[in-house]
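Below is one structure, written out as structure tokens; the observations come after it.
The values are calculated or read from the model by the stated rules, or taken from the named source; none is laboratory data. Because the structure is predicted, anything quoted here is derived from the model rather than measured. Glycine also receives a Cβ, built like all others from the backbone with ideal geometry; neighbour counts cover every protein chain displayed. For the accessible areas, the whole protein counts, side chains as well, though only heavy atoms, and no ligand, DNA or RNA atoms are used. Shrake-Rupley method; radii C 1.70, N 1.55, O 1.52, S 1.80 Å.
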Amino acid sequence: SYPIFEPHWQVTMADGRASGTIRWKNTTYEFENAPFYAEKNWGGAFPIKWYWCQCNSFTLNASNHNLDAATDEIPLSVTAGGGTRKVPLGKLESLGMVSVHYNGTFYEATPWLGDMVWEISPWGYWKMVGNCTQGEIPFFVELEAITSVPGVKLRAPTISEGMAYFCR
């Protein structure tokens, strides 16, 4: 990895399942076959602008979607992320991706496979649109998320202050 392209981000599992226990504040919570997401991030600091959205727990009435009648769970996972980061010669680079796992197939919309645009507010509104025009499975995806919940501040790496609470 090259420090000039920091941060580095890798989704290691977007549509997984996990079973186990979590002990928090003297209470043990058990879970079985729960939707699971894992990623790794590394580098010296977060980008100038950064966004991330992930959901892997969708349910609808199975009879309306040609799914197994024994479950109302949809085999769907959506992961989107990107931002603006510094690159050599004082330039900025804006990049992102919207990916969809559906029924065992992976769909990826990135700038190098088509078009990817995003509109993100500081908090409460995220819109990402991807149009994959190359590869075996061309597709279009639009993801819009809105919340009025205030969220929590995230402790993240910064170049000037080290780990700091500075974003939601």
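Quick one: accessible surface of Met13, probe radius 1.4 Å, all protein chains present, in square angstrom to the nearest 10.
Its accessible surface works out to 80 Å², give or take rounding.
Which order do the peptides 14-22, 112-120 take when ranked by the mean count of other beta-carbon atoms within 10 Å per residue, highest first?
112-120, 14-22
Can you tell me the dipole magnitude for the chain around its Cα centre, using point charges on the Cβ only (Lys, Arg +1; Asp, Glu -1), in Debye to the nearest 20?
I would put it at about 860 debye.
If you count only protein heavy atoms with a 1.4 Å probe, what accessible area per residue comes out for the chain, rounded to a whole Å²?
About 68 Å² of surface per residue is accessible.
For the chain, set up a Gaussian network in which alpha carbons nearer than 10 Å are linked by springs, and say which option among Pro122, Pro111, Pro35 fluctuates the most.
Among Pro122, Pro111, Pro35, the largest mean-square fluctuation in the Gaussian network model of the chain belongs to Pro122.
Add +1 for every Lys or Arg and -1 for every Asp or Glu among the other residues with Cβ under 13 Å from the Cβ of Ala38, and state the total.
0
Accessible area, 1.4 Å probe, largest first: how do Thr84, Thr28, Thr147, Thr79 sort?
So, going from the largest accessible area down, we get Thr28, Thr147, Thr84, Thr79.
Would you mind telling me the share, in percent, of accessible area of the chain contributed by carbon and sulfur at probe 1.4 angstrom?
Accessible surface attributable to carbon and sulfur in the chain totals 54 percent.
Relative contact order for region 75-168 using alpha-carbon pairs under 8 Å, separation at least 6, rounded to a whole percent?
Relative contact order comes out at 17 percent.
Using 0.36 nm times the number of residues separating Ser121 and Ala164, minus their current alpha carbon distance, what extension gain do you get?
This chain segment gains 13.4 nm when fully extended.
Regarding the chain, what's the average projected area of the Cα-atom convex hull, expressed in nm²?
Computing the convex hull of the Cα atoms and averaging its projections yields 13.0 nm².
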